[in-house]
Amino acid sequence: MDPRATGSRWWCRGLRRTSIWRRAASSRRRAKSKWLRMEALSCTPIAWKSDGHLQEGYPFSPKQKHPPEYVREHLHLRSRVSYIAAQLRVRHKAQKAIHDYMDELDFVQINTPLLTTNDCEGAGEVFRVQPDSAALLKQMERPNVPAEQSYFDDKVFLSVSGQLHLEAMSYGLGNTYTFAPAFRAENSKSPLHLAEFYMFEAELAHLEELEKLARFIEQLIKSITNRLLETSSEDLHFCQRNANTTSDLAWLQVPWIIMSYDEALKVLQDNKDSLKTPISLTEGFSKDQELFLVSHCAAPVFVVDWPTQQKPFYMKVSRSNPSVVHALDLLMPSVGELCGGSLRESDAEMLRSHPQLPKNLSWYVDLRKYGGVPTGGFGMGFERYLQLVTGVKNIRDVIPFPRYPHSCKM
């Protein structure tokens with residue numbers, strides 16, 4: 001098809017693997033032009049006026065590299081910027097790699113709900129959901145139910161994690177996973193946090209050893225990254241160059257380290273003069289400390305067996321040392337924590353007596369009450385993974401429509 005029929009013209013910068021059209025006119029036959037198909041790496045569609053000038057108001061100049069903060073102000077147009085387009089193609093291929101890998105291992109994908117009555121992490125960082133229509137709420141009022149809860153007869157939130165729902169499915173289906181949006185109401189403008197992001201979560205049945213979970217995560221991340229290098233190496237390298245990163249993803253070639261929380265804490269205490277932030281014994285490690293551990297070990301690090309008071313109620317308490325839970329955090333270069341996971345508490349009585357167990361989770365205890373299997377699982381922030389492999393500094397630039405404090409455009 002003659003692309004002139006579409007009414008659009010293209011400004012091409014570099015090469016990319018997407019087919020585009022370009023008009024080619026020879027010096028000898030300027031009156032006779034023809035359209036040639038070519039392969040290009042980066043192409044930005046631009047609406048030109050008939051006199052050859054950009055249409056008034058178009059925010060991006062083809063010959064200028066705009067800072068990400070400026071590009072972010074024009075979300076509806078920024079897919080036309082070459083490095084954003086490259087990142088979104090990488091995002092698509094990374095999702096496909098995850099789904100393909102999990103399907104090959106016979107995991108069942110579960111569409112976990114976005115509306116829920118529980119706060120999985122127990123941190124209170126949830127968004128409330130209720131109809132905006134006061135008339136509808138009044139129409140649906142019921143005795144002994146607060147007016148703002150009259151639609152669902154309960155408090156309802158946007159999901160912070162699909163983990164608890166995955167566990168319910170794993171008791172009947174075996175290994176499961178979900179890939180879905182998650183929401184956190186945090187007052188953070190960090191380049192590593194969003195109010196809405198995507199979580200890849202997996203639950204493994206018949207799992208009783210934390211080290212097996214760590215090795216599963218390592219193999220998964222290495223496998224999907226190698227697949228991404230096969231399908232999207234040009235886009236990956238383009239993103240890295242644009243971010244002034246020359247990462248060769250050396251962590252693909254080395255075994256990852258497993259160390260206990262106590263061992264990691266000792267490393268930090270022995271090197272406290274090299275740290276930018278003070279060590280806390282109640283709040284986990286800061287990003288500065290996480291990156292120090294990765295650098296110290298010259299490899300990604302699984303920190304395992306955490307203090308009970310630092311982790312949620314569903315994590316399995318060590319039978320030999322009740323002050324410790326069988327939990328892990330995966331620390332990676334540049335992004336710090338990438339994954340968090342644990343063995344799940346399988347004893348119904350221990351769960352029921354846990355001081356942090358929310359009141360409305362009797363169904364979660366019932367999973368154990370009526371017979372079950374030991375399970376374990378983890379969650380990985382998908383946008384952080386994309387930052388890891390592309391070198392992009394700000395998480396707002398690896399998701400099409402970022403939502404964060406004071407910003408929910410479009």
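Points worth noting:
- In this label model, Asp366 and Arg352 are separated by 1.4 nm, measuring between points 7 Å along each Cα→Cβ vector.
- Over the chain: helical MRE at 222 nm, DSSP H runs n ≥ 4 each giving -39500 (n - 2.57), nearest 500: -9000 deg cm²/dmol
- A probe of 1.4 angstrom, applied to the heavy atoms of all protein chains, finds Lys272 with accessible area near 130 square angstrom.
- Computed magnitude of the charge dipole of the chain (debye, nearest 20; Cβ of K, R +1, Cβ of D, E -1): 3100
- Couplings 3J(HN,Hα) for segment 106-111, derived from phi with the Karplus relation 6.51 cos²θ - 1.76 cosθ + 1.60 (θ = phi - 60°), are 6, 6, 9, 7, 10, 8 Hz, where x marks Gly and Pro.
- For segment 98-193, the dipole from Cβ point charges (+1 on Lys and Arg, -1 on Asp and Glu) about the Cα centre works out to 440 debye, to the nearest 20.
- For segment 155-232, applying the loop criterion from DSSP together with a ceiling of 13 other beta carbons within 10 Å to the trypsin sites (Lys or Arg not before Pro) yields Lys189.
- Extreme residue, positive dipole direction of segment 108-239, given options Cys239, His206, Tyr171 (C-beta unit charges): Cys239
- Shown here for segment 283-381: trypsin sites (Lys or Arg not before Pro) in loop regions (DSSP other than H, G, I, E, B) with at most 14 other Cβ atoms within 10 Å, namely Arg319, Lys359.
- Near-label residues of segment 348-388 by backbone N, under 20 Å of a point 7 Å along Cα→Cβ of Val145: 359-363
- Segment 59-90-segment 186-231 distance, computed between alpha-carbon centres (Å): 27
- Distance between the 7 Å Cα→Cβ label points at Asp103 and Gln219: 2.0 nm.
- Listed values (1) 23.0; (2) 25.5; (3) 24.1, entry calculated as Kirkwood radius over Cα pairs in Å: (3)
- Cut-off of 10 Å, at most 14 other beta carbons, DSSP loop: longest stretch of the chain lacking such GluC sites (Glu not before Pro): 284-410
- Within the chain, the whole DSSP H helices whose Cα atoms reach 20 Å or more along their own axis and whose mean Kyte-Doolittle score is at least -0.5 are 210-242.
- Cα centroid separation, segment 322-353 to segment 365-401 (Å): 13
- Paramagnetic reach from Asp262 in segment 327-341 [backbone N under 17 Å; point 7 Å along Cα→Cβ]: 327-328
The values are calculated or read from the model by the stated rules, or taken from the named source; none is laboratory data. Predicted model, so just to flag it, every value in this text is computed and none were measured. Please note: Cβ atoms are built from the backbone with ideal geometry, for glycine as well, and neighbour counts cover all protein chains shown. These area figures cover heavy atoms from the full protein model, side chains too; ligands, DNA and RNA do not enter into them. Shrake-Rupley method; radii C 1.70, N 1.55, O 1.52, S 1.80 Å.
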